[in-house]
1. How far, in nm, would the chain grow between THR116 and ARG143 when pulled straight, counting 0.36 nm per residue and subtracting the alpha carbon separation?
2. Taking N as the number of residues in the range 45-157, what value does Rg over Cα atoms divided by 2.2 N^0.38 Å take?
3. Name the residue from ALA136, TYR404, ILE172 whose Cα lies farthest towards the positive end of the charge dipole of the chain, charges +1 on Cβ of Lys and Arg and -1 on Cβ of Asp and Glu.
4. Among DSSP bridges having both ends in the chain, what percentage is antiparallel? Round to the nearest 5.
5. Placing unit charges on C-beta atoms (Lys and Arg positive, Asp and Glu negative, everything else neutral), compute the dipole magnitude of the range 105-197 about its Cα centre in debye, rounded to 20.
6. Suppose R0 equals 25 Å. What FRET efficiency, 1/(1 + (r/R0)^6) with r the Cβ-Cβ distance, do GLU155 and ASP203 give to the nearest 0.05?
7. Please state the shape class of the range 140-180: rounded when a/c is under 1.5, otherwise prolate if a/b exceeds b/c and oblate if not, all from the C-alpha gyration tensor.
8. Would you calculate the separation in nanometres between label points at TYR235 and ASN340, each defined as 7 Å from the Cα along the Cα-to-beta-carbon direction?
Amino acid sequence: MSGIVLIGAQWGDEGKGKIVDFLAENADVIVRFQGGNNAGHTLVVKDKKIILHLIPSGILRENKVCIIGNGVVIDPGVLFKELKVLTENGLLSKSTSLYISSSAHVIMPYHKLIDTLRENIAVTKIGTTGRGIGPAYEDKVSRAGIRVADLLYPELLKEKLKTILEEKNLYITKVLGGDPFDFSTVFEESVRFGEMIKPYVADTVEHLNKYIRERKNILFEGAQGTMLDVDHGTYPFVTSSNTVAGNASIGSGVPISAINKIVGVVKAYTTRVGNGPFPTEEKSSIGDYLREKGGEYGATTGRPRRCGWIDLVSLRRAIMINGIDRIVITKLDVLNELDNIKVCVGYKYQNKEIETIPFGLNQIEVCTPVYREFKGWKKNISHIRDGIDLPVEAKDYLKFIEDYLETKIAMVSVGAERNENIVFENII
Ligand code: GDP
Ligand code: IMO
Ligand code: MG
């Protein structure tokens, strides 16, 4: 039995979806445990490109169980749109099932409006995806949330929603200057979603713990990235959930002891969407090169991603917090045409060179990167499947990362397609 948690080690969009889809071949169960449809996980199978926001990236495989755990926030409209696209493209296998936790919280229409209105008037804009993620998690913690189970009991939902909506409408109109929601419209839509979601709702905790007893291979699919974690990221420029590996247990209801491997997905360079510190950001032609070659435009919002060099200082922290024991490097092929490739090996901070993120309020903002430069390989590597065939410059680059982070690279992705990988070690 394996309980494997796969998380993003940077600011999201590391290529988690692609890697989960690849690894899912040998997994039995694939679980989302946090975040919501702020995530955009891209899968490319043959020449078909699919972007998943809520459904686990094992859904294209046969004979799998996909689970949306209690820690996820669900926008039912997005969920059903995603299911519709998959069905219309003939991508759903009858042998693969989807179960949704009855305890997962629902993103309501007022959450989305609050998210966008707040961003509009905020002095310090986070640059959220506008999907209502923060407001939905706030309501979860303040015990004013609507859960999936609530959608299944219209009479009880009516009472709950009445009280909640009254308060939300006051906040929306008086504080944020928006238009109020009509109770019947929100209620009726919620009941309709309840009917639609019912066939998928299950006690996912019982299911998962049964799979653990049956010694199945369970793959936990993280969303966002470590530097966007609400506790450990670049607060306040973070998302509203814990994105680190430890949350896989809480967000799905399995004991910590069920997890025995933690995989960190690391892009061969760095990107970030939205605002906040990003020490290795390149606002130069290098940044433009990475954006265009890497197709670095948000899978959820279409926003251009900010791009820059790989940052081993922040990655070292990600390795530590998550307990990453294997790394997957993605998008190495994007660096193919560069003469020189930089790697951030330290920060300059208060006239000193340091190798850890400095302690104190947002001190990462005042750090400038210290680089080590590598020679580029200037060759196409997307066809390579055996590490031995990599150009020596690419080997040197990977070896340096491995040594600096004191963590083994299990796999390197050299293209967006499912099978464009160099596997050094089987993860499952
Ligand atoms: P995620 O959110 O971590 O799943 O990542 P996204 O899907 O948001 O962004 C990753 C992007 O890179 C997608 O467009 C993928 O199709 C693409 N991709 C993933 N791995 C590779 C790779 O090794 N090489 C290239 N060129 N593209 C990749
Ligand atoms: P995946 O799973 C990259 C970013 C947003 C914003 C911040 C807060 O595809 O890697 P939110 O809407 O969550 O309140 O926005 O977090 N963000 C992501 N950035 N990849 C993601 O997901 C992200 N999900 C949220 O851009 O900066
Ligand atoms: Mg993404």
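The values are calculated or read from the model by the stated rules, or taken from the named source; none is laboratory data. Since the structure is predicted, the reported quantities are computational estimates derived from the model, not experimental observations. Don't worry about glycine lacking a Cβ; one is built from the backbone with ideal geometry, like all the others, and counts go over all protein chains shown. Accessible surface is based on the protein model in full, side chains and every heavy atom, while ligands, DNA and RNA are left aside. Shrake-Rupley method; radii C 1.70, N 1.55, O 1.52, S 1.80 Å.
1. Numbers: separation 27, 0.36 × 27 = 9.72 nm, distance 2.20 nm.
Extending this stretch completely gives an extra 7.5 nm.
2. Numbers: Rg = 16.2 Å, N = 113, 2.2 N^0.38 = 13.3 Å.
This ratio for the range 45-157 stands at 1.22.
3. TYR404
4. On the way: 25 of 63 bridges.
Beta bridges within the chain, antiparallel portion: roughly 40 percent.
5. Numbers: 13 positive and 14 negative charges, 64 e Å.
For the range 105-197, the charge dipole is close to 300 debye.
6. Values: r = 22 Å, r/R0 = 0.89.
The computed FRET efficiency comes out at 0.65.
7. On the way: a/c = 3.00, a/b = 1.96, b/c = 1.53.
The shape class here is prolate.
8. In this crude label model, TYR235 to ASN340 measures out at 3.9 nm.
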